[in-house]
Structures are given as structure tokens and as C-alpha cells.
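Q: Below are the C-alpha cells for one structure; questions will follow.
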Amino acid sequence: MPTFALINALYMSIPSKFTPSAVEQKWYDYWTKHDYFHSTPDARKPYTIVIPPPNVTGVLHMGHLMNNTLQDVLIRRARMRGFNACWVPGTDHASIATEAKVVNKLKNEGIDKAEIGREAFLEHAWDWTHEHGGIILEQLKKLGCSCDWERTKFTLDADMSKSVIKVFVDLYEKGLIYRGYRMVNWDPEAQTTLSDEEVIHEERQGNLYHIAYAIEGTDEKVVIATTRPETLFGDTAVAIHPEDERYTSLHGKKAIVPIVNRSVPIITDDYVSLELGTGCLKVTPAHDENDKVLGDKYALEFIDIFNPNGTLNHQGLHFEGQDRFAVRKAVVKELEAHGSLVKITPHTHKVGTSERTKAVIEPRLSDQWFLRMEDLAKPAIDAVENDDVQLVPKKFINTYRHWMNNIRDWNISRQLWWGHQIPAYYYGANKENVVVADTKQKALEIAQKKTGNEALTLSDLTQDDDVLDTWFSSWLWPISVFNGVLEPENEEVSYYYPTQELVTGPDILFFWVARMIMSGYALRDEKPFSHVYLTGLVRDGQGRKMSKQLGNSPDAIKLMDTYGADGVRVGLLLSAAAGNDLLFDENLCQQGKNFANKIWNAFRLVQSWNVDENLSACKTAAVGLDWYTAKFQQTLATIDDHFSKYRISDALMSTYKLIWDDFCSWLLEIVKPAYGASIDSVTYQKVCVLFEDNLRLLHPFMPFLSEELWHAFTPRTKDEALIVSSWPEQQAIDSDILQQFDYTAELISQLRTIRKNQNIAFKEPLEVIETSKDEISLRPIVTKLVNVSTWEQIATAPEPALSFRVNAHEYFVPVAASNLEEERSKIEEELGYQEGFLKSVQKKLSNERFVANAPAQVVDLERKKAAGAEEKIAALKSRLDSL
């Protein structure tokens with residue numbers, strides 16, 4: 001403990017108000033200077049978290065604030081608990097998003113990506129990344145994130161890229177990666193394929209267009225209903241159900257596609273529904289997954305009508321080069337002009353959109369690379385089912401199980417240049433042969449051996465233009481950040497893997513979490529983490545997801561400038577229950593700021609006390625200190641339990657109530673010396689120790705404020721900093737004193753009510769009388785906080801006096817008879833008013849016509865009025881009885 005002369009000097013140097021900007025950078029620099037965040041393998045047990053890597057050119061938004069605050073809370077607490085805490089930061093190259101930004105930048109400069117070529121484009125992409133990349137990591141530092149910045153990784157770092165390529169080659173050699181001609185999800189804006197998980201199916205209002213197709217060689221027509229009339233250029237059949245009696249005469253005939261005038265077969269298949277639509281389907285095998293099945297089954301022609309950018313190609317005839325949605329309108333007009341449009345009806349249906357660009361997805365046949373998922377999924381399913389990997393909250397297990405049991409092969413190729421170029425090399429006259437290797441030289445050696453042609457050279461090989469899906473690098477993240485792919489037995493991956501926690505959003509449970517679990521078992525036969533804490537989404541007060549488009553997402557940096565990083569952290573966490581969405585209200589940050597000010601002012605109060613070493617220890621304070629010590633231990637047990645169940649919000653709320661209510665509102669009032677008086681050194685030192693224990697609990701949530709006050713108590717060495725101090729240890733709890741204090745608090749509350757109702761100033765002492773011995777209350781505390789002059793026991797109740805009960809024990813406070821009569825008169829007057837009011841409301845509610853005809857909310861309001869009046873009447877009668 002500091003000397004008391006030093007205490008006074010420190011108090012004089014403490015500003016009257018807590019200014020976050022004055023301490024945040026100071027302590028962050030101090031932490032980084034002394035390498036508190038850095039971890040290397042040692043004899044301690046590791047506690048590892050890998051950050052969900054944000055987009056390299058991204059900026060901090062509300063989701064990042066909440067997610068990374070949660071991670072920092074966990075890692076700081078683990079560090080204090082003696083673990084070798086390692087939080088690995090990093091960023092993701094984000095193929096689609098980054099390439100789109102670079103393409104747009106070049107477009108504004110009059111530069112076309114295709115004209116400058118791949119190498120030049122990648123130079124521009126790297127320039128963009130170096131200019132804008134890493135901003136978000138600097139912003140995380142402002143939030144207080146204690147990441148091991150020396151370990152910062154980027155998914156396109158050389159070693160990370162080598163890891164990705166090695167895994168691709170290994171899985172290809174195991175027969176798990178293959179190239180196939182499949183129906184894929186095509187994003188016309190990004191001009192790349194997407195996996196099923198990257199497609200968001202939105203319910204939209206559209207139309208059903210009923211179109212007449214002529215029957216070849218007859219005057220008959222069949223009506224087909226479609227939501228996409230522009231795709232009729234790719235129609236190669238009409239399908240009907242074989243048992244549909246309406247169309248038995250059409251078996252074996254052909255139909256004429258309008259505008260195109262193409263003759264197509266009428267096929268019969270029980271895939272066609274007898275109930276839905278008209279019972280006739282247009283079959284467009286190249287642009288619908290179900291139609292492709294029919295196309296394969298009946299050997300139909302596949303006609304691709306779209307260019308990569310969503311415009312129609314030459315198959316669209318006079319609509320060539322026009323956008324698909326413009327063509328839809330034009331085709332409808334032409335059909336109407338030709339008399340082929342029967343009717344248009346409104347129709348609500350699901351439309352697939354790109355998770356990144358929001359463009360409407362186009363089903364398209366394409367040669368792509370796929371990863372077989374069925375066998376990879378099995379151990380990942382078992383891991384979650386058996387609780388080897390625990391999802392928090394558990395409600396997401398069913399969602400996870402359903403998706404994993406219905407998993408499809410993963411389309412891992414993307415028609416982009418920014419990313420990991422697929423290590424597949426083509427050779428031969430038409431480039432029809434392919435080899436896969438991690439370098440072009442190795443690919444050449446394989447090709448020479450495969451063909452027996454030693455004359456093949458590097459120039460004969462052409463690398464696949466496509467890059468791998470960004471998630472194909474991210475799914476390796478817990479392993480690759482420790483170089484566990486290239487060196488599977490290295491010291492770091494052996495020590496830090498598997499990691500302990502993963503904190504992320506449920507929106508990427510399948511994109512990322514499930515795939516990491518699969519890669520963990522596929523590459524290391526071990527889970528990548530033990531627990532997955534799934535946060536909710538941050539929404540605005542109207543329940544809408546925060547987004548730039550809606551303009552409802554606050555600037556995260558401005559929030560921290562306004563309320564301080566600690567205030568923002570507290571504000572978010574108080575409402576961030578696991579898996580539940582947070583309805584963000586800026587007032588929450590103000591609440592966090594107020595909490596910081598409360599603690600700051602409590603510290604200033606304690607430091608302002610004059611300490612007299614000659615005074616003997618105060619017995620009243622000793623009782624209060626014993627109670628708070630027990631209360632602290634009780635709350636510590638609760639907080640530790642909350643942490644074990646990932647109820648981080650509840651852990652913070654328990655800390656908040658302990659410090660605000662129990663420490664500031666109760667303990668400090670109990671031990672505070674009278675105005676102008678001094679405090680004894682024993683009491684003062686114990687208060688300081690408890691205050692410091694509070695700071696230990698507070699540190700994971702409010703690192704800047706807690707570290708500032710920790711050092712304000714006394715000068716500390718770097719080894720004594722709060723960040724590396726110990727987390728409080730649970731000890732035996734004195735439950736008896738806790739029960740006594742709960743009773744005492746109620747007694748104090750009742751006595752304070754009497755003072756208030758009788759307008760008795762605090763300086764006027766109260767007399768307390770009881771007819772039976774009070775063996776429960778902590779009498780010294782009551783005497784001090786209520787200013788009780790005498791407390792005696794007598795055989796019979798005194799008169800005149802006010803009485804009240806705490807549990808079964810009755811107390812009396814003598815008052816002047818005139819005060820009693822005045823109080824009785826006031827109560828009786830109020831009672832009369834309330835009884836009259838209740839009768840008027842009851843009369844209204846007994847009127848059947850009113851109850852039947854009045855709006856429900858009006859009737860409910862009257863019932864609430866009646867209930868409120870009844871409660872007031874009961875309370876008033878009770879007060880009369882006490883008189």
C-alpha cells in the first residue's frame with residue numbers, strides 16, 4: 001500500500017473528471033511497449049483465440065465492435081487467470097469485395113481490367129491493399145483489443161498462400177477435388193460463381209407470365225406460366241405429366257417457342273406437377289437446375305443465352321447485348337404484340353441474390369472446381385453432436401445439423417484475379433489435359449511423366465485463370481496462422497492448436513465455422529476449437545440490420561470519441577446476450593460512460609479522505625468491510641459461473657451491480673468518515689484492497705479506466721500492471737453476514753421512508769424501539785446510516801409511534817402526537833380520493849355496453865387504473881394500521 005503522504009499527493013494530481021482520451025493511448029502504448037499481448041510457447045497452459053479476419057480494406061462497424069470486445073474480454077480474463085493468452089489477429093483478402101473496389105477505381109480512371117491483363121491488375125490490387133489495408137486493425141487498437149500484433153496474418157501472405165495451395169494439391173491427390181461441368185450460381189455483377197452459402201434467397205414480388213406456345217402442325221396452343229419470359233430463347237422442350245388428361249393429345253408432338261420459332265419436343269415426366277400452374281413447363285436446361293435434370297434425362301439441347309455480365313448473347317437474337325431485365329420487359333411487349341401473351345398475374349417467389357454484390361443470381365452451366373464434402377462433413381457433424389465442439393447458444397445445433405446433413409459439394413473456383421490462383425495446369429493441342437501441382441515446374445514434371453513426352457516445356461503449360469473461393473483460405477485459419485499446414489509438427493501449432501474459443505456471428509456458421517471444423521479433422525484429425533460463441537446481430541431501434549445502405553449504422557470511431565472505448569464496450573455488452581440480436585441504442589454507451597464516471601468519482605472520494613494512523617479501527621466500518629468481502633466472494637462465484645456458460649453480458653451486469661450498488665452506494669457510505677473527520681488507516685487500507693479487487697473484475701470489460709486507477713493507487717512496476725495481475729480467487733463465503741445485511745438493508749430502507757414521510761431531517765436522530773430482541777440486523781450500520789440515537793427494547797408498544805415490520809420483527813419510531821394526527825389526516829384524505837376513483841372506474845367496467853363496444857386498449861387501460869387504485873388503497877390502509 002502507498003504511504004498516506006503519497007495518497008494525498010496522488011489525489012491532488014487526479015483530474016476531477018474522467019477523460020478517456022487522456023488515458024487510452026497512454027495505456028495502450030504502455031501495454032504494447034512491455035509486450036503484454038505477445039505470446040510464445042512456454043510451460044503455462046495456452047488459451048488461444050483466432051480473430052475472424054475482417055476484410056483487409058474494411059473499416060470498423062458495430063458488428064466488429066461487439067465481436068472483438070467479447071474476444072478481448074475473454075482473452076484479458078484468461079491472461080489474468082495465468083493462462084498463456086494468445087489472440088491472433090489478421091485480415092482476409094476478400095476476393096470479390098476487393099476486386100470489385102479495384103475494378104471500379106480503375107474504371108473511374110479510364111482503365112479496363114481486361115485490357116491491362118492479370119499482372120498489371122494485381123499490381124493495382126496490391127497498391128490498393130497497401131493504401132487501405134490494415135485500417136481496421138488500427139481501429140481495433142483504439143477499442144483496446146489486446147491482440148498479439150506480432151502475429152498479424154494476411155490470407156495472401158506468402159506462407160499462407162503456400163498453405164492454401166498445398167491443401168488444394170493434397171485434396172486433389174486424394175480424389176476430393178475435381179473439375180466438373182455443373183449448374184452453378186453465377187453473379188453477373190462480380191462475374192464469378194458463388195457457393196450455395198453465398199446466395200441469399202429473398203422473397204420478392206414478381207409476376208407470372210402466361211405464354212401460349214403453338215403446337216406444331218395444328219391450331220392448338222398450350223399455355224405455360226413462367227416468372228422469366230426472357231429465358232425462352234433457351235427453351236429446348238415443353239414438359240407435361242404423363243397422366244395429365246388435359247394434354248394426352250400432345251404426347252409425341254412438338255411445340256413452337258414464341259419469338260424464336262424453334263420447334264421443341266413435348267416430353268412427359270412425372271416431375272411436372274398436376275396441381276401447380278398450368279401443368280405445362282418450359283424446359284430451359286442451361287439456366288435452371290431442375291430443367292438441367294430433364295435435359296440430361298432426355299438428351300435435350302443446352303442453349304446458353306447469357307453473357308457473363310447478364311446481357312443476352314447471340315442466342316437472344318435481336319436482343320443481343322441487352323440486359324436480362326430490360327429484355328424481360330421487351331419480350332413481354334413483343335409477346336403481347338404477337339398475341340402470345342395470355343395474361344400476367346402477381347406472384348411472390350424466392351429470388352437468389354449475391355451475398356456480396358446483391359445482384360440477382362443467374363443459374364449457369366460452367367466448368368468449375370469442386371470439393372467433395374460428404375466424407376469431410378461426417379467427423380464435423382459428430383464433433384458438434386458429441387459436444388467436442390460446443391456451440392453457444394445450443395439453439396444453433398439443429399441449424400448446423402440440418403445444413404451439414406444436406407451438404408453439397410463446394411464450388412471452390414471463382415472467376416477473379418485477386419486471390420489464390422488455382423494450381424491446375426493445362427496442356428495439349430486444345431489444353432484438354434490437366435495436372436495439379438504446387439509449382440509450375442512440378443506440374444511440368446508430372447505432365448512429362450504422364451505423357452512420356454520429355455519435350456514438353458513450361459511454355460506448353462497454361463495455368464487455370466480462376467482463383468479459389470476466399471473461404472478456401474479462411475477455412476484453414478486456425479491451422480495456417482501457426483504454419484500448421486506447411487510444418488504440421490512445429491512447436492507453435494503443437495502448443496496453441498486446438499484453440500479454445502471462437503467468437504463469431506451465426507451468419508457465417510456454414511461459410512466459415514463448419515468448414516474450419518471440417519478442415520481441422522481433415523488435416524489434423526482434431527477439432528480447431530472447443531467452443532463457438534455465436535453473437536447476435538447488431539440492429540437499430542426498429543429491429544433493422546445495420547448497414548451503410550440504410551444509413552442506420554453509427555460511426556464506431558465517433559462513438560468511442562464521444563463515450564470513450566470503455567463506455568462503448570460496456571454499452572454494447574450489457575445487451576449482448578449470446579445468440580440474441582442487440583437492439584442498439586446510443587444511450588447504452590452513455591450508460592457505460594456514466595459507469596466509468598461513477599467509478600472515477602468513487603476513487604476520488606476514497607483518495608480525498610484524510611488518514612489518521614493514530615485512530616483505532618472503526619467497528620462499524622469493520623462490519624461493513626466483512627459484509628462487502630462476503631458479497632464480493634458471492635458475486636465472484638456468480639461471475640465465474642457466467643463466464644463458464646458464456647453469459648458475458650450477465651457477468652458484466654453482476655460486476656456493474658457489485659460496484660455501483662454494493663461498493664459505491666453501500667460500503668463507501670458505511671466506512672466514510674464524518675465531514676471534517678479522518679479515517680483510520682486499517683479501514684482505509686482494507687477499502688483500498690477491496691477497490692483494487694473491484695478493478696481486477698472490471699479490467700476485462702473496462703481496461704483503460706481500470707489500468708489508470710490501478711496505477712493511481714500507487715506506483716507500479718511493469719510486472720505489477722493490472723493487465724498481468726491475478727484474477728481474484730474464490731474463497732469461503734460468509735452466508736450469515738449476507739443474510740444479516742439483506743435484513744439490515746430493508747430495515748434501513750423502512751427507517752429512511754419514515755424520515756421522508758415525516759419530514760425528519762437527517763441531523764435529527766431517531767429513536768428505535770422494539771418489543772422483542774432483534775438478533776439479525778447489523779445494528780452499527782443502521783445506527784450510522786439512519787442516525788439512530790437510542791435503540792431499546794420494551795415490553796409493550798409505545799404510543800404515539802409509527803410501526804413497521806421487517807419480516808416478522810416489528811419496530812416502532814416514537815413521534816409527536818400532532819405528527820401522527822397530521823399524517824393520519826393526509827392518509828385518510830388520499831384514501832377517500834382513491835376509493836372514490838376506484839368506484840368510478842368499477843362503475844364504467846360494470847357497464848356491459850362500454851366493455852363490449854370500447855376499443856380493447858381503452859378497456860385494458862381502465863382495468864389497469866382499477867388495479868392501480870386497489871394497490872394504493874391497500875398500501876394506504878396498511879399505513880393507517882401502522883399509525
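Q: Roughly how far apart, in whole Å, are the Cα centres of the stretch 28-70 and the stretch 458-495?
A: Cα centres, the stretch 28-70 to the stretch 458-495: 22 Å.
Q: May I pose another question? With a 1.4 Å probe and every protein chain kept in, tell me what percent of the accessible surface of the chain is carbon plus sulfur.
A: 48 percent
Q: Report, to the nearest 10°, how far helix 817-845 tilts away from the longest principal axis of the Cα atoms in the chain, using its own Cα long axis and a range of 0 to 90°.
A: Rounded to the nearest ten degrees, it is 30.
Q: For LYS329, list the aspartates and glutamates whose Cα falls under 14 Å from its own Cα; do not include residues on the same chain fewer than 8 positions away.
A: GLU230
Q: Could you grab the relative contact order for the stretch 506-589? Cα pairs under 8 Å, six or more apart, rounded to a whole percent.
A: So the answer I get is 32 percent.
Q: May I pose another question? By per-residue mean of other Cβ atoms within 10 Å, what is the highest-first order of 587-597, 717-727?
A: Top of the packing list down: 587-597, 717-727.
Q: How large is ³J(HN,Hα), in whole Hz, for each residue of the stretch 141-157 in order, when computed from phi with the Karplus curve 6.51 cos²θ - 1.76 cosθ + 1.60 and θ = phi - 60°, using x for Gly and Pro?
A: Once rounded to whole Hz, the list reads 5, 5, 6, x, 4, 9, 6, 7, 5, 5, 9, 3, 10, 10, 5, 9, 4.
Q: Got a sec to turn the phi values of the stretch 392-409 into Karplus ³J(HN,Hα) couplings, 6.51 cos²θ - 1.76 cosθ + 1.60 with θ = phi - 60°, whole Hz, x for Gly and Pro?
A: 10, x, 5, 4, 7, 5, 4, 5, 4, 4, 4, 5, 5, 6, 10, 5, 10, 4
Q: Output the 0 to 90 degree angle, nearest 10, between the alpha-carbon long axis of helix 556-573 and the longest principal axis computed from the alpha carbons of the chain.
A: It is inclined by approximately 70 degrees.
Q: OK, next. Mind ranking 175-184, 741-750 by how tightly packed they are, going by the mean number of other C-beta atoms within 10 angstrom, highest first?
A: Going by the mean number of other Cβ atoms within 10 Å, highest first, we get 741-750, 175-184.
Q: Let me ask something additional. Roughly how tilted is helix 95-108, in degrees to the nearest 10 and between 0 and 90, from the longest Cα axis of the chain?
A: 70 degrees
Q: Turning to a different aspect of this structure: Quick one: Karplus J couplings for the stretch 738-750, per residue in order, coefficients 6.51, -1.76, 1.60, θ = phi - 60°, nearest Hz, x for Gly and Pro?
A: 5, 5, 4, 5, 4, 5, 4, 4, 5, 4, 4, 4, 5
Q: Counting only other residues whose beta carbon sits under 14 Å from that of TRP126, what net charge do I get with K and R as +1, D and E as -1?
A: -3
Q: Let me ask something else. Near LYS839, which lysines are there with a Cα under 21 Å away, not counting those fewer than 8 places off in the same chain?
A: LYS826, LYS864, LYS865, LYS872, LYS877
Q: Quick query: amide H of LEU582 versus all other amide H atoms, modeled in the peptide plane; which residues come in under 5 Å with a sequence gap of 5 or more or a different chain?
A: Those lying under 5 Å, H to H, from LEU582 are LEU537, VAL538, ARG539.
Q: Summing +1 for each Lys or Arg and -1 for each Asp or Glu, what net charge is found among the other residues whose Cβ lies under 15 Å from the Cβ of THR629?
A: -4
Q: How would you order 148-156, 419-427 from highest to lowest mean count of nearby Cβ atoms within 10 Å?
A: 419-427, 148-156
Q: Please give every one of the lysines within straight-line cross-link reach of LYS292, meaning a C-alpha to C-alpha distance under 23 Å, and leave out same-chain neighbours fewer than 8 residues apart.
A: Result set, ordered by chain and number: LYS253, LYS254, LYS282, LYS350.
Q: Taking K and R as +1 and D and E as -1, what net charge do the other residues with C-beta under 13 Å from the C-beta of ASP291 add up to?
A: Around ASP291, the charge tally is -2.
Q: Further, regarding this structure: If I take every Cα pair under 8 Å that is 6 or more residues apart in the chain, average their sequence separation and divide by the length, what percent do I get for the relative contact order?
A: 13 percent
Q: Right, here's the next one. In what sequence, largest accessible area first, do ILE733, ILE659 appear using a 1.4 Å probe?
A: ILE733, ILE659
Q: Sticking with this one: Take the cross-link list LYS45/LYS527; LYS358/LYS545; LYS33/LYS598; LYS598/LYS672; LYS174/LYS442 and give me the ones stretching past 22 Å between alpha-carbons.
A: Check vs 22 Å cut-off fails for LYS33/LYS598.
Q: Can you pull the Rg over Rh of the stretch 642-741, Cα-only, Kirkwood?
A: 0.99
Q: Got a sec? What order do THR218, THR348, THR353 fall in by accessible area at 1.4 Å, biggest, i.e. largest, first?
A: So the residues, ranked largest to smallest area, are THR348, THR218, THR353.
Q: If you take the square roots of the eigenvalues of the alpha-carbon gyration tensor of the stretch 1-145 and sort them as a ≥ b ≥ c, do you get rounded (a/c under 1.5), prolate (a/b over b/c) or oblate?
A: Prolate is the answer for the stretch 1-145, as a/c is 1.5 or above and a/b outweighs b/c.
The values are calculated or read from the model by the stated rules, or taken from the named source; none is laboratory data. It should be emphasised that the depicted structure is a prediction, and the values quoted were computed from it without experimental measurement. Cβ sites come from the backbone with ideal geometry, for glycine too, and all protein chains shown count toward neighbours. Note: areas computed on protein heavy atoms with side chains; ligands, DNA, RNA excluded. Shrake-Rupley method; radii C 1.70, N 1.55, O 1.52, S 1.80 Å.
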